[in-house]
Every structure is written in structure tokens, then in C-alpha cells.
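The values are calculated or read from the model by the stated rules, or taken from the named source; none is laboratory data. Note that this is a predicted model, so its numbers are computed, not measured. Counting neighbours? That spans all protein chains shown, and the Cβs are built from the backbone with ideal geometry, glycine included. Calculation scope for accessible area: heavy atoms of the full protein, side chains included, ligands and nucleic acids excluded. Shrake-Rupley method; radii C 1.70, N 1.55, O 1.52, S 1.80 Å.
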There are 2 protein chains.
Amino acid sequence: MAQKPSIPKGTRDFSPIEMARRNYIFNTIRDVFRIYGFQQIETPAMETMSTLMGKYGEEGDKLLFRIQNSGEKATEAPEKGLRYDLTVPFARYVVQHREEIQFPFRRYQIQPVWRADRPQKGRYREFYQCDVDIIGSDSLLGELELVQIVEEVYKRFGINVTLHINNRKILAGIAETIGAEDKIIDITVAIDKLDKIGRENVNKELLERGLSEQQVEQLQPILNLEGSNEDKLSAIGDLLKQSPTGTKGVEELSEVFRLYNNSRTDNTSAFNIELDLCLARGLNYYTGAIFEVKANDVEIGSITGGGRYDNLTGIFGLAGVSGVGISFGADRIYDVLTQLNAFPQQSQDQTQILFACFGEKERDYALTWAKQLRGQDIPTEVYPDLTKIKKQMAYADAKRIPYVAIIGENEMQTGQVMLKNMLTGEQQPLTREALIQKLK
Amino acid sequence: MAQKPSIPKGTRDFSPIEMARRNYIFNTIRDVFRIYGFQQIETPAMETMSTLMGKYGEEGDKLLFRIQNSGEKATEAPEKGLRYDLTVPFARYVVQHREEIQFPFRRYQIQPVWRADRPQKGRYREFYQCDVDIIGSDSLLGELELVQIVEEVYKRFGINVTLHINNRKILAGIAETIGAEDKIIDITVAIDKLDKIGRENVNKELLERGLSEQQVEQLQPILNLEGSNEDKLSAIGDLLKQSPTGTKGVEELSEVFRLYNNSRTDNTSAFNIELDLCLARGLNYYTGAIFEVKANDVEIGSITGGGRYDNLTGIFGLAGVSGVGISFGADRIYDVLTQLNAFPQQSQDQTQILFACFGEKERDYALTWAKQLRGQDIPTEVYPDLTKIKKQMAYADAKRIPYVAIIGENEMQTGQVMLKNMLTGEQQPLTREALIQKLK
């Protein structure tokens, strides 16, 4: 036999069971987006290179997949590439369709993205993102709703998470306060690693990145902040009170906390929100709130992240449009649910009943039953081949079909089927009406 | 301002209203696939070039999009390409995963495909296919189920269609009977055009393609067949009785008709199935039944098509696996539903109620209501910005949100909202419980 075919490295096939689980993830997220009044859009897999290039930093540019028409000469520079994320295509969409859009525009988008990253465990070259954004309003209700959406999504998944929140303006205020406005990127990149590499190493990196000993010293109270979110906000407010930008950031976060607490209508155990002044996230387009979600019981890194951007559409020539959004990482959520064994037992794509028939006459008879069950939206199969009942049962077993209706001569005479519960092994003869009743 | 951004030619953005309609199409088709016990798989957008090349004829090879890593030199031949259809990736999947698959394998797949076709009205370079296949059984129950699925899908859409059916073995039998086995492709290509170009032109083309006058003469009774499906089958059975292959094809189709009639459980007006001996379809891998569906009330060509293939996986080294499948064309179905004005009024992504608030206090108050409504799965928005009520109402109007809850000082005092029905203009004060009751 020829060599077994394969797929490009870093890509995946999804089997029926994997798809059922992925659909559970997508549907759960989508359901929550919907109750918050978001509407879906889709953009093409390919964008022009001018839309993509220069949006993800030098590193990102190198990870773009370029597309060539078969007809094009290999030496021509491809004009198209596969989308790298959903954010840049969304910004492009908003600018391109701004005349048709009703602002504030509440959109969600669930589509694959492609990156020519070196494939490794848990990192793929094709993966789905689930993005939700409100664009065209600078109201902090946007931040509130994203916090609520995160809370609701993970409640539905049964995953305990912590939402880390910060504000880019606070980071700017810190840089300003220690007299290092020009070093804000260096500061955020370094302190973002506090969790991973510890305080001493962060300080070392800050010095290497050109901060003075005195500036690093001034940063220490900020790296040291402890206590409740309120305590931290109050302390950082004091530290940054000379910086209008920093003060604005503290006010914004305080307002988000106030809105969140104000909206709570039940006494269920509070959702875990943590003010994390070291949270920066790599992307440079954030200008206000920054979010990151981590699972409490599984070590896997960020499973959701996002923030406020005041000028995302500016790259396409439409300035002054503020927005806020987050992205759920379906693959990591999949891994968390797998580790927690938290997928629902029953899949949407599960056949409920298989008709197993002794012969052709019986199969003809089964087909009329199947038609009726399907008319009641009951997922039904009739074993197609005339073969041993044992083989038909094995098929049902392997596919975890919960019921098999066996039809032989007896059953045809009495107008019934012998229904076998594949879990308990129990058998009972049932009429057509009784069977429909049982399976509905 | 900079030049408005754009997308590659032949590709499309889908707006919220278009997505809602597309989702209606996908969900309807998927629901029917499910009640027939099919399970979803997905394959990567990119396949290796060796998987794709040579599977779609010379013309098809030219229409493949090739993918380059950004790091690759432009002169290197790309090793990957975007999938051209779902059939070849499915065959590849079956061969690659044959050890894990439970045969007969009933799978569906709803994903985009890409072709570097010259863009024109109604022809896109990225479009979705919805494929359903049973592989690993040569039972004619497969054909039956596909016929039933077509019937059910279009019944749900409210589109009147005709299912054209033929059998490749009959076409082979015809070629055999007139002594032109080697000319079967020429014959099928020519007679497939009967509807479009008429009998005289078909005959002309047959002569040009190398058939003798006598052979063309022998074909005439076949091109002339009329009457009911039963009449035609009986006539063609007589004409082909010397050809075992042709006779087999007639038997197969007769059995599919018999199974279909046997399974009917109601007296609703019969689904329109038409035996069409000129139906060939371009693809050469069909070996048995061939299907094509056309809308009766809209001129648009084939909206669904497929057939039986006995050796699809043979191209990847796994011989002797018979299958049968069909593909629904989402874009054409979209166009048909648009022309028939047959999309449902209500979309799944539709906000039910917007809270419009006079001030900040009122908005805080609204947020607690919104939280409760969302807890009841009612899609809810709170207008985020503090602006004139008139502007907030205009937003609801533009988004066709059916209800607006207006909150001013009065409402806060009485613990109610003023609910406005945006369709009728009617207003009524409602308590929280009454509002939930009304919207659920």
C-alpha cells in the first residue's frame, strides 16, 4: 500500500468526539455572547498583505502565511496572506464598513487563525479564536460586560478561574512617576515576568534595560503591593497622585469594580477578580483596561485575554474610535476541560438508536420506523448492511449508541421491536408509540 | 484619511445580518444530518500539495492556492495548499485514521474551501461546503438516506426542488451497448448538456468527439426517453439488457426508488425525484448513483449534488472502500432563500431588549435588571453612553431591537421600567417580574 497520507505539521484533524467537544466549547461561549447582545460577523481567511504587514511586530510579520495563486510565478511577491488573528481583520472590517455599522458595534467572531510558529506541544499553526468586542464607545460598561461574560462563560464550563485586571494608564503613570516615560515598554515587559522569574531577576532586567538604580528603587513599593483590590487601588492611587494619567487609570479600574459590585444580583460566591499591577500583555495597542484569565486548578497559562484600545482602527485611517474586547482560546479551554474531566457526557452528535435487522424484510420494516423517529428529531440509524446481528451490536457498542432496536420475524409479526438498553443490557418489546415516547 | 482598506478579490465579509442568515442555513442542514446519525469532523484548511495535486484534473490543479511560510524563499515550491473541496480531505482523513474509525463511517463536514477561480457574480474564491457521506458500505440504504436528507432539508427551508438522479453504471451500459466503451467520458460530457444546448447540438458534439453516425443514431432512443420514472427505468432496462453493467445500474436505481417509496410514512405531496439519464456531473470518481438538486422556482443551477464512489480512498492507497455522499452549496441556497424571501424573520443573534437611561443613576439601576434578564437567557443590552434618549431609541430602531425599557427618575422611584414596543409604539410600566415574564 502507498505511504499513509499526512497533514502539514502544526495542523490537526478533529474526529467526531473531538468535534462534539469543540462544539460544546463554541456553543457555550456563543450562547453567552448572545445574551449580552453581541452579533456574529465573519471575515475571509485571506487578507491583503498590506492589511496584515506591520501589525504584529517584526516577529509577527515572519509568522504570516502567504498565499500564491497556482498561476502566479513563484518569484512574484504574494499579495495575500492568511489572517494571523481576528483583531486586525476586525479593525479592517470596521473601517471598511463604517457606513453600514450601527455604533457602538457589538460583534463576536469565531474563526480559525494561522501562524507559522514552530509547532510544539499545545502550539498549533491553525487554531480557533473566539473574540468579542464593543467598538465605538469609551464607556466602562464595556469593561464591565467583558468581566461579566468571562464570569458567566467559566461558570457554565465549571472551571474555576481568576480574572487578572490592570490598566495601561497605571503602567504609564508608573513610568511617568519614576521619570522614565520613554521606558514604559521596557518596564512593562520586565515586570510582566514577576510571577515567572521573581523580583530580583525583574530588577536585574530593569537595570539592563536602562533604568537607573534610583528608578528601580522607586518601583519597589509598586511591585510589593499587597492586600485586597481596594487596598491596592488606594495605595497605587497615592503613589501615582502626581500623574494625571496614572490617576485616570486608577479611577477607571475603581469604576469597573464599582459597576461590577453594583450589578451583582445574587449572593453566590464571588468571582475571583485580582488587580495585578504587573499584568501588561505583549500587544502594544492597549490603552486602558487589560484582562487575562487563568484557570485556578490547571497550570496552562492564560486562557482568555484582552483589553481596551483607543486607536485600533487608526492603522486603517479611522482615528478616535475606542473599543474594548477579549479573546477566548478554544484550544486551551479544551485542554483544561479535558484535565478536569468536565466535558458533558452527552454529545449533540450522538445517535440515540440503531435498528439492527435479521434480514432484508426486517430492514424494510425498520426503515418505516426510522422515518418516524427522525420526524420526531430523534437521531436514528438503520444498520445498512445485511450481516450478523452480533456485528451490528458491536457497531452500536463502539459508537456508544445507547439503544438498539432488534427486529426479527417475531417482532414483525407482533408489530413491535425488541429494544435493548446497551448500558444495562435490559431488553423489552415496544410498540412504535411506546418507543417514540421513550426516546423523546 | 488613508485609502479605505479592502479584501482580496473573490472573498467576502459577512455582516451580522448575513451571518444570522448563513447560520440559519448551516444549522438547518446540520440538524437534519444529526437526526440521520451523522457526526461532524473538521480537517485543516491547508493540506500537503501531494494530497491535493492531480485530484481535480489539470484545470483544478491550476486553481489551487499554494501557501508559503513567510520565512521560505519565494523560489521554493510551496509544500502546502488550501483545500479545494471537502471530498479529497475526507478521503485522506479516512485513510489516515482508518484504525480509529468505526465503519460504516457517517460523517458530515461544514467548512470553507478555496479556489483561485476568476471571480464573477455568484462565484467566489472562498465559499462553504456542507458535505455528508457514508463510507465503508455499498448498501443502497446510503442512497436512500441521502434522498431523504435532501427532501427533509429543503422541506425545512421551504424551497421546492427536484432531485435529479442517474447512475454511472447506466451511462457505462449505454456506452457498452453502442460499442463505445472507450468514449464514455465523451458521451457523458456531451449528453450532460442536453438541457442547455438541445438535442441537435448534442448530436453534433458527439460526432465531433468521435462517435460514428450509427452510434449517435443508437443513442437517440435514450435521449428521447419520456414518462414516469418507472416507465423510463423499464424502457432503459430493455435497451441495456445485453449489458451487465447497465442492467446493474437499472437495478440499483429501481431499488432506491423502491426503498424510498417503502419508507414513506405520510401522505404529504410527494417529493419530486426525476430519473435523468443525461445527468453525468463532471467528477470522474462516481461509480454508481449520481444526484443533483435544482430549485423549481429560481433559476440558479445545481444547489446540491453528489453520488456513489467505489474507490475514492484508492487515491491514498486504501482500495475497495465504497461510499456515497452529497454536498449542499450554502451560497446558492442563500441566494435562493433571498429570492424567495424565505429567511425567518427572527434571528438567533437578535437583542430582545435595550435599556435606555436618562442618567448615571438610572444606568446603574438598569444594570441590575440586565443581569437578571441575561440570567434568564434573554439577549439584553444596556446603552453604554450617557446621551440623549432619542439617540438611544434610534440605536434600538436601527438594530431592530423589539423592546426598549426606558428608565428615568419616576421609574426608579416606583421600581419599574417603562417598556416600549418598538413595533407598535405602545408603552407600559412593568415590574421586574412582569418584564421577565413578558420576554421569556
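Give me a single rounded figure for B:366-375: the average over its residues of other chain Cβ atoms within 10 Å of their Cβ.
Per-residue shielding by partner chains comes out at 5.
Relative contact order, percent, of segment B:353-439 when contacts are C-alpha pairs under 8 Å separated by at least 6 residues?
Once divided by the residue count of segment B:353-439, the mean separation gives 30 percent.
For segment B:353-439, with all protein chains present and a 1.4 Å probe, just round the carbon and sulfur fraction of the accessible area to a whole percent.
47
I'd like to compare A:413-419, A:169-175: which one has the highest average count of other Cβ atoms within 10 Å, and what's the full order after that?
Peptide ranking by packing, descending: A:169-175, A:413-419.
Roughly how many Å² is the accessible area per residue of the protein assembly as shown, as a whole number, for a 1.4 Å probe?
Accessible surface, normalised per residue, equals 42 Å².
Taking a threshold of 25 Å on the Cα-Cα distance, which of the pairs A:K248/B:K361; A:K9/B:K55; B:K155/B:K440 fall above it?
Check vs 25 Å cut-off fails for B:K155/B:K440.
About the Cα centre of the protein assembly as shown, how large is the charge dipole given +1 on each Lys and Arg Cβ and -1 on each Asp and Glu Cβ? Please answer in debye to the nearest 20.
For this selection, approximately 220 debye.
Shielding of B:101-109 by partners, i.e. mean partner chain Cβ atoms within 10 Å per residue?
4
Could you point to the residue in B:L337, B:I378, B:A235 farthest towards the positive end of chain B's charge dipole, with +1 and -1 charges on the Cβ of Lys/Arg and Asp/Glu respectively?
B:I378
With everything on Cα atoms, drop me the angle between helix B:389-398 and the longest principal axis of chain B, reported from 0 to 90° to the nearest 10.
It works out to around 10 degrees.
How would you classify segment A:353-439 from its alpha-carbon gyration tensor, with a ≥ b ≥ c the square roots of the eigenvalues: rounded for a/c under 1.5, else prolate if a/b is greater than b/c, otherwise oblate?
rounded
Pick out, in residue order, every one of the trypsin sites (Lys or Arg not before Pro) in segment A:34-132 that is DSSP loop and has at most 11 other C-beta atoms within 10 Å; say none if there are none.
Filter output for segment A:34-132: A:K73, A:K121.
About the Cα centre of chain A, how large is the charge dipole given +1 on each Lys and Arg Cβ and -1 on each Asp and Glu Cβ? Please answer in debye to the nearest 20.
1640
Given a Förster distance of 60 Å, report the FRET efficiency between B:I17 and A:R432 from their Cβ-Cβ distance, rounded to the nearest 0.05.
0.90
Lys/Arg Cβ at +1, Asp/Glu Cβ at -1, dipole of segment B:16-339 taken about the Cα centre: which of B:L82, B:Q215, B:N272 is farthest positive-ward?
B:L82
Putting +1 on Lys and Arg Cβ atoms and -1 on Asp and Glu Cβ atoms, find which of A:N421, A:T43, A:P5 reaches farthest to the positive end of the dipole of the protein assembly as shown.
The residue sitting farthest along the positive end of the dipole is A:N421.
So if we plug the beta-carbon distance of B:D231 and A:H97 into 1/(1 + (r/R0)^6) with R0 = 56 Å, what FRET efficiency do we get, rounded to 0.05?
It comes out at approximately 0.55.
From the label point of B:L223, set 7 Å from Cα along Cα→Cβ, how far away are the matching label points in the other copies, in nm, ordered shortest to longest?
8.8
Go through segment A:184-201 residue by residue and turn each phi into a ³J(HN,Hα) via Karplus (6.51, -1.76, 1.60, θ = phi - 60°); whole Hz please, and just put x for glycine and proline.
4, 4, 4, 5, 5, 4, 6, 6, 4, 8, 3, 4, 7, 10, x, 5, 4, 5
Between A:R123 and B:N160, what is the FRET efficiency for a Förster distance of 51 Å, r being their Cβ-Cβ separation, to the nearest 0.05?
0.55
In terms of modelled amide H atoms, which long-range or inter-chain residues lie less than 5 Å from the amide H of A:R107?
Under 5 Å from the amide H of A:R107 lie the amide H atoms of A:Q39, A:D133, A:I135, each far enough along the sequence or on another chain.
Only helical DSSP H runs with n ≥ 4 go in: add -39500 (n - 2.57) per run for chain B, normalise by residue count and round the 222 nm mean residue ellipticity to 500 deg cm²/dmol.
Mean residue ellipticity at 222 nm (helix-derived): -12500 deg cm²/dmol.
Karplus couplings for segment A:338-345 from phi (6.51 cos²θ - 1.76 cosθ + 1.60, θ = phi - 60°), rounded to Hz, Gly and Pro as x?
Couplings: 5, 5, 8, 6, 10, 6, x, 5 Hz.
At 0.36 nm per residue, minus the direct Cα-Cα distance, what do A:N311 and A:N261 gain on full extension? Give it in nm, one decimal, please.
Difference between extended and current length: 15.1 nm.
Roughly how tilted is helix B:244-263, in degrees to the nearest 10 and between 0 and 90, from the longest Cα axis of chain B?
30
Note down the net charge around B:V324, summing +1 for each Lys or Arg and -1 for each Asp or Glu among other residues with Cβ under 9 Å from its Cβ.
Taking every other residue near B:V324 into account, the sum is -3.
I'd like the mean, over residues of B:385-395, of how many other protein chain beta carbons sit within 10 Å of each residue's own Cβ.
1
When only the heavy atoms of the protein chains count and the probe is 1.4 Å, how do B:T304, B:T247 rank by accessible area, highest first?
B:T247, B:T304
Report, by chain and number, residues whose modeled amide H sits under 5 Å from the one on B:F355, excluding near sequence neighbours (fewer than 5 apart, same chain).
Answer set, sorted by chain and number: B:E381, B:V382, B:Y383, B:A405.
Using Cα pairs under 8 angstrom and six or more residues apart, how large is the relative contact order of chain B, in percent?
Relative CO of chain B lands at 15 percent.
Relative to the longest principal Cα axis of chain B, at what angle does helix B:360-375 sit, 0 to 90 degrees, rounded to 10?
40
What is the Cα convex hull volume of segment B:16-339 when expressed per residue in Å³?
Roughly 163 Å³ of hull volume per residue.
If you stretched the chain out fully between B:Q339 and B:E208, how much longer would it get, using 0.36 nm times the residue separation minus the C-alpha to C-alpha distance?
Full extension from B:Q339 to B:E208 adds 43.2 nm.
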